[in-house]
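Heads up: the structure comes next, in structure tokens.
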Amino acid sequence: MSNHDTPLPPHVPGIAEMQLRAASGHFADEAAIFILQPHTLQVRDAQDQVEIPDAVEYLVRRTGGQQLTMTSLFTPQRAPGWSAELRLPDEALVIRFPDTSYLYDGSMPSQSTWQRAVAATGDVVVITGPMADVDCIDPAIHAGLTSYVRVPLSIER
């Protein structure tokens, strides 16, 4: 980060600040987890100029996430170091960055068809972007505003 009057340590927002939610679903025949963010968290410099327009996208791209476009869709390779776990009894989902910090730690309901699709491959595509709710998913993807990362997902029954 640049253009600050005084040197400050970088602030990485926590999960509570981002107010993220997760939704399971499918996109382009792939099991997906959509990370919904009702608010976009921006980072501004000392002159109030936007330095990072979307903190979630910045963190995902910095750790292996790729832009999701309708022409490229998903690569088959998992992003190195990422992991996710879903505990079905309480619908608890944890998604970890490569450094083991959390992108998401909360709940996510899922259908048995989605669970079977994930079990068949052992991984899932996590999609992030300016999606406040499930109605925003398709418009954000089609507008090229989203990122994705393929991660291994373990399911505890």
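The values are calculated or read from the model by the stated rules, or taken from the named source; none is laboratory data. Quick caveat: nothing in here was measured; it's all calculated off a predicted structure. Every residue, glycine as well, gets a Cβ built from its backbone with ideal geometry; the counts of neighbours run over all protein chains shown. Ligands, DNA and RNA are excluded from the accessible area calculation, which covers all protein heavy atoms including side chains. Shrake-Rupley method; radii C 1.70, N 1.55, O 1.52, S 1.80 Å.
With R₀ fixed at 25 Å, the C-beta to C-beta distance from VAL43 to ASP135 puts the FRET efficiency at about 0.40. For the chain, the carbon plus sulfur part of the accessible surface works out to 52%, probe radius 1.4 Å. Straightening the chain between ALA119 and ALA92 buys 8.1 nm, computed as 0.36 nm per residue apart minus the Cα-Cα spacing.
The residues of the chain have, on average, 53 Å² of accessible surface per residue, using a 1.4 Å probe with all protein chains present.
Under 20 Å from a point 7 Å along the Cα-to-Cβ line of SER101: which residues of region 54-74 have their amide N that close? Correct set: 54-66. Under the simplified labelling scheme, the SER83-GLU156 pair shows an inter-label distance of 1.2 nm, with each label point 7 Å from Cα along Cα→Cβ.
Residues whose amide H lies under 5 Å from that of LEU103, counting only those 5 or more places away or on a different chain, are ILE95, ARG96, PHE97; hydrogens are built 1.01 Å from N in the peptide plane.
Karplus-based coupling profile of region 126-131, in residue order and whole Hz: 9, 10, 10, x, x, 10, with θ = phi - 60° in 6.51 cos²θ - 1.76 cosθ + 1.60 and x standing for Gly or Pro. Across the chain, Cα pairs under 8 Å and at least six residues apart give a relative contact order of 30 percent. Shape class of region 63-137 from the Cα gyration tensor (axes a ≥ b ≥ c, square roots of the eigenvalues): rounded, since a/c falls below 1.5.
Summing Lys and Arg as +1 and Asp and Glu as -1 over all other residues whose Cβ lies under 13 Å from the Cβ of LEU93 gives a net charge of -2.
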